[in-house]
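Below is one structure, written out as structure tokens, with a few remarks after it.
The values are calculated or read from the model by the stated rules, or taken from the named source; none is laboratory data. None of these values were measured; they are calculated from a predicted model. Ideal geometry is used to build each Cβ from the backbone, glycine not excepted, and the neighbour counts take in all protein chains shown.
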Amino acid sequence: MNKLLSKYLFYYPVTLAKGELIAFYRRGYEERQWWSARELEAFRDEHFDRIVRYAVENSSYYQKCLSSFITDNSIIPSPDLPTLSKAQLIDNLDHIRAKNAGLFSSAKTTGGSTGEPVKIFKNGSALARERCATWRSYEWAGVSVADRQVRFWGVPHSRSGRLTARLIDLIANRKRISAFSINDDNLYKYYNDLCSFQPQYLYGYVSVIEEFARFIQSKQLQPPSSLVSLITTSEVLSDSSRALIENAFQRKVFNEYGCGEVGSIAHECEYGSMHVMADNLHVEIDSEPGQPGEIIVTDYFNQVTPLVRYRLGDFATMGEGTCRCGRELPTINKIHGRAYDIIRSPSGTRIHPEAVIYIFEGIQEKMPVFKQFQAIQTDIDAISVNIVPNVSWDDSFDVALKSQLVEAIGAEFRFEVNLVESLSREKSGKMRVVKSMLD
Ligand SMILES: [Zn+2]
């Protein structure tokens, strides 16, 4: 679709109808990327203080655990405050939710990568700010609102979910390539789709784009001439993956780091630094300076489900020094922690772990009977599913779960459901919710 048509006929009107005043906020985001570190620090202090006070006033959970830190005048020092883990968020969702802010909010089911899907709420203005920060960072990659995008992503398995996804893709001027099933036949088809769609950028999971890059390289295919850049997300981008992708597409890769709960957290600039979206959130690293530690975020603008010092379960190091791009937005580097395995079917189809997570999130939405899940491929045709139930388990749940898994992942597998009290972690402490014991 024509870019201007897409932008002014679809994107802005549809987001506006949802209460997202994107055009209203855009300029502020454009300007703040050039603020000095001192200006950004003043912004941080003001907004951190503001959201903490708001949370204490409006949420019974925060009132209980944060009110003793509130003083009349002085700014609240962030490192003194208790943190919020994902488990605490899930267990206290109703108490965390602000009592006066539920009317015009959208639900987001998110966070499945740790095996604990969680449904949080955000209002239109917070969502608009999230999008503004994202679009600003995409401009660093040379693309802008409504540029044509090919997206390597999950596809919902329900019919209504697929229709909604198709509609959203149309509004956003993008074409979706399924990360669910990747094999050589599909890759040829996807390549042809890509050439006819002529996208300005490709967006998606590192491992899927990498697989596609490997295919393009092995068949000596040319990337579409319209392509400006690639944006990878959701997984660690290793140096070797980056080199492979850049080589195959002859374009620069820009890495994005974010999560569903707060949106984009950091994004790579033209000079390769991961700049934090410091005018949307406060990012802390739980460690001594210069050492890797867990990432903790505070969302300045979510007034429906306030997230104060929320632990992400990912690890990074705080960046030092200034970036050659001239932006003084803080930087993080060496992000690690999200490790994934690909599931392989007997017929040779490769299923991306995010796709498996997507399926469980979808099942959980329809049938909220479990807190956590883990899928382990134990044999070429066997997947063992560990479930931490949150209701007393019934055989009918077992049957329903298996039938939905067969429908979504395929009848080639035998599914075994085990009820467990908690999921086991990797030696590193990370939770691996999609795991393969093959190889
Ligand atoms: Zn930079």
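The single residue among 236, 253 that is part of a loop (DSSP other than H, G, I, E, B) and of a type outside the set (Lys, Arg) turns out to be 236.
Looking only at residues in region 75-119 that are modelled with pLDDT of 85 or more and acidic (Asp, Glu), the one that is farthest from residue 280 (Cα to Cα) is 91.
Looking only at residues in region 120-142 that are at pLDDT 95 or above and not in a helix (DSSP H, G or I), which one is nearest to residue 203 (Cα to Cα)? By that ranking, first place goes to 141. When 273, 287 are checked against the criterion of being touching a strand residue (DSSP E or B) at 6+ places or on another chain (Cβ under 7 Å) and either of a type in the set (Asp, Glu) or within 18 Å of residue 35 (Cβ to Cβ) (or both), 273 stands alone in meeting it.
Inspect region 52-73 for any residue being touching an Asp or Glu at 6+ places or on another chain (Cβ under 7 Å), in a helix (DSSP H, G or I) and of a type in the set (Gly, Ala, Ser) and give the result as yes or no. Checked against the condition, which is being touching an Asp or Glu at 6+ places or on another chain (Cβ under 7 Å), in a helix (DSSP H, G or I) and of a type in the set (Gly, Ala, Ser), region 52-73 yields no hits at all.
Please enumerate the residues belonging to region 114-142 that are β-branched (Val, Ile, Thr), under 30 Å from residue 27 (Cα atoms) and crowded, with 21+ Cβ neighbours inside 10 Å.
As a first pass, look at region 114-142 and keep what is β-branched (Val, Ile, Thr): 114, 118, 120, 134.
From what's left, under 30 Å from residue 27 (Cα atoms): 120, 134.
Residue satisfying the conditions is 120 alone.
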